[in-house]
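Here's the structure we're looking at; comments come further down.
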Amino acid sequence: LIGYALDARMRRWGFEARVVWSQFFFPNADDLVAAYREDGTPLFPREASEGTVPSRMQGGYAELAYDALSLVHVSHQLLAFVRLETYDSQAAKGYKRNPNLDIDELTVGLTYRPVTQLVFKTDLQLRDRRYGYDQLQYNLGFGYMF
């Protein structure tokens, strides 16, 4: 398995931007799909092996946020954000690909940071699995960094 990731971030004048891209390559994917058990039966039966082991996976996102509280110069932050994301866990392979695994997402939401180490987030995601935007999801979460 060989892979890489690129990550760029910027903060200025209340704006935050970040871009992430990653790819992973599995050059021996065909060897794994063609493997046999000790009893001679295929590890991945042909009808079940379509879409099981890709030779490349990839994905990334671009996000832009604005801190609405930056104008009043307080220590906590309230960021409205939008993120465009794409990922494909079967980006390259010779078999019939499953379009459900090639996904684009649009996410809009709010992040509140009362202190640097604590975050509360809420967002709405619209997911496109190559059939048009077909799934809507609401997320609510929090995090603590120590």
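The values are calculated or read from the model by the stated rules, or taken from the named source; none is laboratory data. Just so it is clear, the structure is predicted and the values come from calculations on it, not from any experiment. A quick note on method: Cβ atoms are made from the backbone with ideal geometry, for glycine too, and the neighbour counts reach across all protein chains shown. Please note that ligands, DNA and RNA were not included when accessible areas were found on the heavy atoms of the full protein model with its side chains. Shrake-Rupley method; radii C 1.70, N 1.55, O 1.52, S 1.80 Å.
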**OP:** Only helical DSSP H runs with n ≥ 4 go in: add -39500 (n - 2.57) per run for the chain, normalise by residue count and round the 222 nm mean residue ellipticity to 500 deg cm²/dmol.
**Re:** -1000 deg cm²/dmol
Original post:
Which Rg and Dmax, in Å, describe the Cα atoms of the chain?
Top reply: 20.4, 71
**OP:** At a 1.4 Å probe radius, which order do 21, 13 fall into by accessible area, largest first?
**Re:** 13, 21
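Sort 16, 85 from largest to smallest accessible area, using a 1.4 Å probe on the heavy atoms of the protein chains. Walk me through the intermediate numbers first.
Working: 16 20, 85 50 Å².
The residues order as 85, 16, largest area first.
Please list 136, 69 in order of solvent-accessible area, largest first, computed with a 1.4 Å probe with all protein chains present.
Values: 136 120, 69 40 Å².
In descending accessible area the options line up as 136, 69.
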**OP:** Arrange the peptides 58-68, 113-123 so that the one whose residues have, on average, the most other Cβ atoms within 10 Å appears first.
**Re:** 58-68, 113-123
Subject >> Virtual spin-label span in nm between residue 140 and residue 125, 7 Å along Cα→Cβ >> reply: 1.7 nm
**OP:** For the chain, give the percent of accessible area contributed by carbon and sulfur heavy atoms, probe 1.4 Å, rounded to a whole number.
**Re:** 62 percent
Original post:
Which ³J(HN,Hα) values, rounded to whole Hz and listed in residue order, are derived for the range 10-18 from phi using the Karplus coefficients 6.51, -1.76 and 1.60 in 6.51 cos²θ - 1.76 cosθ + 1.60 with θ = phi - 60°, glycine and proline given as x?
Top reply: 8, 9, 6, 6, x, 8, 10, 9, 8
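So, counting K/R as plus one and D/E as minus one, what does the shell of residues with Cβ under 13 Å around residue 85 add up to?
Once all neighbours under 13 Å are counted, the net charge is -3.
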